[in-house]
Amino acid sequence: MKEAPTVQEIMGKNYPQKKFKAGAIEATIWLNEGTRDGSPVQFQTISLRRSYKDKNNEWKDTHSLRTSDLPKAILVLNKAYEYVALRDDAIAEESA
């Protein structure tokens, strides 16, 4: 049975696979495609950002963290790693 096309395949854009947020800190998991030794491969990357309001009260994003942001960054990065690691384990079990 053929799998349904992904949103990425239909829209031609790379959408987040999963997001984890704690306060203003967010980790986003992206599914990417590339080639290795001429064969197509998929891999995941994780981006980290902090949201804040500027002087004009408009929301902005940055990749710089304050010391007080570190516990939340650790939390969302651990959650992202757990998601990726468990998903990779499940895929490995399915193909075994």
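No value in this document is a laboratory result; all are computed from the given coordinates. As the structure is a prediction and not an experimental result, all values here were calculated from the model. Neighbour counts run over all protein chains shown; Cβ positions are idealised from the backbone, glycine included.
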Students often forget the sequence filter, so: which lysines lie under 17 Å Cα-Cα from LYS19 once same-chain residues fewer than 8 apart are removed? LYS72, LYS79
What percent do you get for the relative contact order of the stretch 44-89 when only Cα pairs under 8 Å and 6+ apart count? 29
Once both labels are modelled 7 Å past Cα along the beta-carbon direction, what's the ALA85-SER47 spacing in nm? 2.5
Over the stretch 15-96, relative contact order from alpha-carbon pairs under 8 Å, at least 6 apart, %: 27
